[in-house]
There are 2 protein chains.
Amino acid sequence: MLDPVLPTFDDVRAAAARIAPHALRTPVLRNPELDALLGAEVHFKCENLQRGGAFKFRGACNAVFALDEATARRGIVAQSSGNHGTAVAIAASLRGVPAHVVVPRNAPAIKLAQMREHGANVILCEPTMAARESESQRVLAQTGGTMVHPFDDPRVAAGQGTATLELIEQAGPLDVVVAPVSGGGLISGTAIAAHGIDPATTVIGAEPAQAADAFESLRQDRRITDMVPDTICDGLRAHLGRIAFEVLRRERVEVLLASEAQIVAAMRLQWDRLKVIIEPSCAVPLAALLATRERWRGRRIGIILSGGNVDLDRLPWQSA
Amino acid sequence: MLDPVLPTFDDVRAAAARIAPHALRTPVLRNPELDALLGAEVHFKCENLQRGGAFKFRGACNAVFALDEATARRGIVAQSSGNHGTAVAIAASLRGVPAHVVVPRNAPAIKLAQMREHGANVILCEPTMAARESESQRVLAQTGGTMVHPFDDPRVAAGQGTATLELIEQAGPLDVVVAPVSGGGLISGTAIAAHGIDPATTVIGAEPAQAADAFESLRQDRRITDMVPDTICDGLRAHLGRIAFEVLRRERVEVLLASEAQIVAAMRLQWDRLKVIIEPSCAVPLAALLATRERWRGRRIGIILSGGNVDLDRLPWQSA
């Protein structure tokens, strides 16, 4: 297998210019009580308030708008049961080209509705990796469209990095930047952007202890792809991608873990204090920082709040 | 009874300068789907993200910092079971002076904890107006402190108006500004600020149909103070104050009503779309606009999102 093409800081800057007309410049929140709890100065970059309710729109938008016109017109193909599918649907609709999203039959109805609301052609398949893959190949062959991978695509990772560019413009220089890790598009873009601005910045990936494949991959210095995640964080169940593995090693990103109880407590704490809706996956950075708080005293910290798509009928602190 | 002293646009501008070092400049959110639903351009001013989780901090901060040093040092006295008490506690603690908050025994424990967290001396009393009043008088006599009323105080109403000054700075000129109505501090400040900038702006107060004393007061042209509210909106159960009644008449503010079902639906809709936490009281403006949507087509509308203090264990769309 060829080495993957890694995105560069120039790619992140080009992505920022490309998506600027389409993506929201999300606000950065501060909270005195959370600062006091960590003994640090924390800047929360609200990608939960991004279009589609997640940072995913940045990467999808960059990938869709990077295509030449003839290629784009043949359409975009994506596999997703969640935020990436909605992000691709919105980006394709803004570009005025078709989006075909292959979705497992058991995906939440609200996700299907969101994709359709943005004009996507939703294609249901059996909920197996093999079915998703073969269905996607069929759609690609039939349409001549372009697949946009949720994370293992340098245009996608570069797009995700634009959140950190903006955050540092808005908050000023940061000592530490923290983002959740799943397939690794967000944390890769985050590391490239933060280190492009200041190579001395500490970049932390935050991962559920019960889906710790990125942590293990870095520890064993080989990409672990056979762990079975068992976490409430529905956005963090993918395995670390090839691009992310290389970027995390090169950029010396450290991965910190948080338990399920720590994640739910941090989610509730942020709902209570920040008054914004975040999904469980999005709570992992603060959970991981609180679990290691003596390290962060006096530091200027940025946290990427990754998304706010949560089932409001079933909140994790409500049993039954 | 003397006519009340009404705040002026100059008072609102002075308040903005006075509270600037202490209050957050809250973000203004946009949402394409909510725009489409109303056929209008809606700018949401996020006072739910203000200190203390509500616009109340603006008025309390203006009142507390307007006092001369000797007066302030004798302390601030407030009656509140909710957001105003927390707002006064935060403002007094920022000024470094004592806050005494008289709170009915049956107030939610979380509200007491918030006030105490900000250093307030919480004084419990029986849950009657008479007990609150006599207890407040006792504390005033004992401390020589200054009472800050939650709405019927021109410094408080002027402070609340600063949210609209900021909103128009951030969003540009608006055709319509909408805020919830209870005692009327917020809607008074909103009308004075909006009309100070452009007298042609339509200013709308939004009120629960089951707590429609402001609507009735304007309709009958006399202040109605004997209605018994029966609404989920715990922040909108006060009767319209004397200042607000005069300001609303003078500024030709229109009051629109929303049913309990419309309020809960609008609350859920805003949680889903805006990804910010708003309390039921805060959902009334969008509920009232949606109920009259044909009037708003093509207009530029500002909504003051008034607060986000809600019991996360008991959400109104979850029965039992």
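Below is a table of values for the structure above.
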item: The stretch B:91-106, residues that are touching a residue at least 40 places away in the same chain (Cβ under 8 Å) and either within 23 Å of B:L312 (Cβ to Cβ) or touching a Phe, Trp or Tyr at 6+ places or on another chain (Cβ under 9 Å) (or both); result: B:A91, B:L94
item: Any hit, the stretch A:75-84, residues being touching an Asp or Glu at 6+ places or on another chain (Cβ under 7 Å) and within 22 Å of A:A15 (Cα to Cα); result: no
item: Count - residues of the stretch B:12-50 that are under 18 Å from the mean Cα position of the chain (by Cα), facing chain A (nearest Cβ under 9 Å) and in a helix (DSSP H, G or I); result: 2
item: In the stretch A:243-252, the residues that are in a loop (DSSP other than H, G, I, E, B) and either within 14 Å of another protein chain (Cβ to nearest Cβ) or in contact with a helix residue (DSSP H, G or I) (Cβ under 8 Å, 6 or more places away or on another chain) (or both); result: A:E251
item: All positions within the stretch B:290-308 that are over 18 Å from B:Q210 (Cα atoms), more than 14 Å from chain A (Cβ to nearest Cβ) and either of a type in the set (A, V, I, L, M, F, W, C) or not in a loop (DSSP other than H, G, I, E, B) (or both); result: B:R293, B:E294, B:R295, B:W296, B:R300, B:I301, B:G302, B:I303, B:I304
item: For B:S81: the one exception among (1) in contact with a Pro (Cβ under 6 Å, 6 or more places away or on another chain); (2) at pLDDT 95 or above; (3) of a type in the set (S, T, Y); result: (2)
item: Those residues of the stretch A:271-311 which are of a type in the set (D, E, K, R) and not assigned by TED's automatic domain parsing to the domain that holds A:L257, in sequence order; result: A:D311
item: Residue match in the stretch B:156-171 (condition: modelled with pLDDT of 95 or more, touching a Phe, Trp or Tyr at 6+ places or on another chain (Cβ under 8 Å) and among the β-branched types (V, I, T)); result: no
item: Residue selected from the stretch B:48-87 under the condition of a type in the set (V, I, T) and more than 23 Å from B:R105 (Cα to Cα), by the criterion surrounded by the most Cβ atoms within 10 Å (Cβ to Cβ); result: B:V64
item: Leading residue by the ranking (farthest from A:L29 (Cα to Cα)) among those in the stretch B:253-289 that are within 14 Å of another protein chain (Cβ to nearest Cβ) and not in a helix (DSSP H, G or I); result: B:E279
item: Of residues in the stretch A:118-161 being among the acidic types (D, E) and under 21 Å from the mean Cα position of the chain (by Cα), the one farthest from A:L236 (Cα to Cα); result: A:D153
item: Qualifying residue in the stretch B:231-242 (condition: outside any loop (DSSP other than H, G, I, E, B), in contact (Cβ under 8 Å) with a residue 12 or more places away in the chain and away from every other protein chain (no Cβ under 14 Å)); result: yes
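This table checks each residue for (1) among the β-branched types (V, I, T); (2) touching a strand residue (DSSP E or B) at 6+ places or on another chain (Cβ under 8 Å); (3) not assigned by TED's automatic domain parsing to the domain that holds A:E41.
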{"position": "A:R95", "(1), (2), (3)": "no, no, yes"}
{"position": "A:E126", "(1), (2), (3)": "no, yes, yes"}
{"position": "A:S136", "(1), (2), (3)": "no, yes, yes"}
{"position": "A:A163", "(1), (2), (3)": "no, yes, no"}
{"position": "A:I192", "(1), (2), (3)": "yes, no, no"}
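Quick grid of which residues meet (1) crowded, with 23+ Cβ neighbours inside 10 Å; (2) touching a residue at least 40 places away in the same chain (Cβ under 8 Å); (3) closer than 25 Å to B:I243 by Cα; (4) of a type in the set (D, E, K, R):
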| site | (1), (2), (3), (4) |
| --- | --- |
| B:A89 | yes, no, yes, no |
| B:P108 | no, yes, no, no |
| B:L112 | no, no, no, no |
| B:R116 | no, no, no, yes |
| B:I123 | no, no, no, no |
| B:E126 | no, no, no, yes |
| B:Q137 | no, no, yes, no |
| B:T146 | no, yes, yes, no |
| B:P150 | yes, yes, yes, no |
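Every residue, every condition in (1) buried (at least 24 other Cβ atoms within 10 Å of the Cβ); (2) outside the structural domain of B:I192 (by TED's automatic domain parsing); (3) under 19 Å from the mean Cα position of the chain (by Cα), yes or no:
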{"position": "B:I232", "(1), (2), (3)": "no, no, yes"}
{"position": "B:A238", "(1), (2), (3)": "no, no, yes"}
{"position": "B:A266", "(1), (2), (3)": "yes, no, yes"}
{"position": "B:D313", "(1), (2), (3)": "no, yes, no"}
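For (1) in contact (Cβ under 8 Å) with a residue 40 or more places away in the chain; (2) in contact with a Leu (Cβ under 9 Å, 6 or more places away or on another chain), each residue gets a yes or a no:
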| position | (1), (2) |
| --- | --- |
| B:P7 | yes, no |
| B:D10 | no, no |
| B:A16 | yes, yes |
| B:L24 | no, yes |
| B:A36 | no, no |
| B:V42 | yes, yes |
| B:A54 | yes, no |
| B:L67 | yes, no |
| B:A70 | no, no |
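The values are calculated or read from the model by the stated rules, or taken from the named source; none is laboratory data. Since we're looking at a predicted model, the values are computed, not measured. Because the Cβ atoms are built from the backbone with ideal geometry, glycine has one as well, and the counts that use them run over all protein chains shown.
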